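A quick write-up on the structure given underneath.
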Amino acid sequence: MTYELLVALTVFILALLVGFEVISKVPATLHTPLMSGANAIHGVVVVGVMILAATTRSTIGYVVVFVAAVFAAMNVVGGYVVTDRMLEMFKARRVSDGKDES
Amino acid sequence: MSGFDFTVALVYLAAAVTFVLGLHLMNSPASARRGNQLSAAGMTVAILLTVVVLVEDGVITGTGVAVLTAGLVVGGVAGLISAQRVQMTAMPQLVSLFNAVGGGAAALIAVGEAIEESLELAPVRHTVPTVLDVVIGAVTLSGSIVAAGKLAGKVSGSPILIPGGRALSVLLTLVMVAGGVGVSAGAGGLGLLLVVGAAALGLGVLMTLPIGGADMPVVISLLNAFTGTAVAMAGFVLDSTPLVVAGALVGAAGTILTKLMADAMNRSIGSIMMGGFGVGEAAASAAAGAGGSVRETSIDDAALQLAYAGSVVVVPGYGLAAAQAQHELVELCQALERNGVAVSYGIHPVAGRMPGHMNVLLAEANVPYPQLKDLEEINPEFPRTDVVLVVGANDVTNPAARRPGNPVSGMPILDVDHARSVIVIKRSMASGYAGIDNELYTDPKTAMLFADAKAGLKQLHTALQAYVR
């Protein structure tokens, strides 16, 4: 039990450090898409809601699962779609630039 | 550990790797979209894998399956439709809302666990993350909703000070901490956990209300980091590694972003979160300083000046985003370019309503990427620039920032005053967020064009037709 906690803590700390390193290199122009992209990644909470649903047995528990599932699914689906829309504009512009030069 | 469990752990690890690589690919505009898609693919795999795990374990009840599926479908469709339909100018508040529901979901996971398994019997390694998850998740949920309301203009953007708000915040914090310690120690159980959650919800509102609209980017970024941390805590509650990894990643991402943004605005995160930064002193200094004369210009004069310039740098700011005038701006600039004027855009890191938001808005209006210059790139260009057109930007152009001893001191600014002439489109002489006069406006080479950004740019474009082919 203590060993498992230690492993989880190690993973948590190392993931924090990886996050700092990966993000500090992103240019300011991409900060809004990045924030939105990071926002989509914490949509992984949907996996947590699914795990919670497996052990739920009470009526009030089902209500909590339903609301949490709505919230989490909105976060993950909406997060990725809106980020993609933002980044699509960057990409489309790049392609047209290439055409202008040729 | 069985072979199945081992494989599951490996696939979750692979999903976590795609999140890291996805963020890494977002380093450059060319690979950013691929990065996001890679991370979305990893997320899809993680979700499908969880379905397989649920089927394999077989402990989920029929009702559980029905409730979960219904919730996921409703939420997924709502998220998809709102993300597809949102106007790009309204995008910051939508991201804030997605952040709110993420935090809410994380908090509900801890509550749901507490409903099924008594907290009083749980070990400390379970109760502590439960409390942290509920506290952080609830603060994020209510705080992000208020932030979204401020960005959407549904809640006043100006700092709202509630009489006794400070005292109430302290009281709520005390309730939260005392309750949290109680629950962690195994006392009070679910009932006390809900009290803690309610106090955290109230605190989220009180924390965000006194903060001005211009500071919302910093707040949203901070709340984004909060959600990440709450999700990581939910991961500890459920013993789920993907939640711990992804949550910690986002926690770190949000923190770095928050710091970068606060630095660019010359603000400390602490002073922003303490609320109502300089509300009192700013008002006083704004009233005191009315020195220097201002030269006003007309639409026609400004159009003439632009038409006969060799090079023009546009400095768009919060006012442009708020007026949703990016399309009018780009049409004007395209007309100038057709007339042989070299046009580029000087983008301050915090221009718009979120850092980098201005780039997104101008990208949507089809501005070629090479024309968008950041602070370091454009500043050496100003001495060679004929006309700078400042649209709705204020504090980020104030030369006073180069001197010590005032609220904007030390803030990185665009050296607009180094250009040969400056036109500022602004609705009034009202001071910017820092609450001080902009010395640029009283500079002899600056001409003020008092107009709403959208209407002003449109009129400039019309007036320009007289001077260009």
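The values are calculated or read from the model by the stated rules, or taken from the named source; none is laboratory data. The shown structure was predicted, so the numbers you read here are calculated from the model rather than taken from an experiment. Heads up, the Cβs are rebuilt from the backbone with ideal geometry, glycines too, and the neighbour counts pull from every protein chain shown.
Observations on the structure shown:
- Single condition residue B:360 does not satisfy, out of (1) over 24 Å from residue B:88 (Cβ atoms); (2) part of a helix (DSSP H, G or I): (1)
- Under the condition of being assigned to a loop (DSSP other than H, G, I, E, B) and surrounded by 14 or more Cβ atoms within 10 Å (Cβ to Cβ), the residues counted in region B:162-198 number 2.
- Residue in region B:390-400 that is surrounded by fewer than 22 Cβ atoms within 10 Å (Cβ to Cβ) and at pLDDT below 90 present: yes
- Each residue in region B:65-92 was checked for being surrounded by fewer than 24 Cβ atoms within 10 Å (Cβ to Cβ), of a type outside the set (Ser, Thr, Tyr) and more than 7 Å from chain A (Cβ to nearest Cβ), and 9 of them qualify.
- No other residue among A:61, A:19 is at the interface with chain B (Cβ under 7 Å from one of its Cβ atoms), modelled with pLDDT of 85 or more and surrounded by fewer than 24 Cβ atoms within 10 Å (Cβ to Cβ) apart from A:61.
- Any hit, region B:121-143, residues being outside any helix (DSSP H, G or I) and surrounded by fewer than 23 Cβ atoms within 10 Å (Cβ to Cβ): yes
- Search result, residues across region B:244-291 that are at pLDDT 80 or above and not assigned by TED's automatic domain parsing to the domain that holds residue B:228: none
- Residue B:451 being assigned by TED's automatic domain parsing to the domain that holds residue B:313, more than 20 Å from residue B:337 (Cα to Cα) and among the small types (Gly, Ala, Ser): yes
- Per the listing B:342, B:321, B:307, the residue uniquely more than 15 Å from residue B:373 (Cβ to Cβ) and surrounded by fewer than 22 Cβ atoms within 10 Å (Cβ to Cβ) is B:307.
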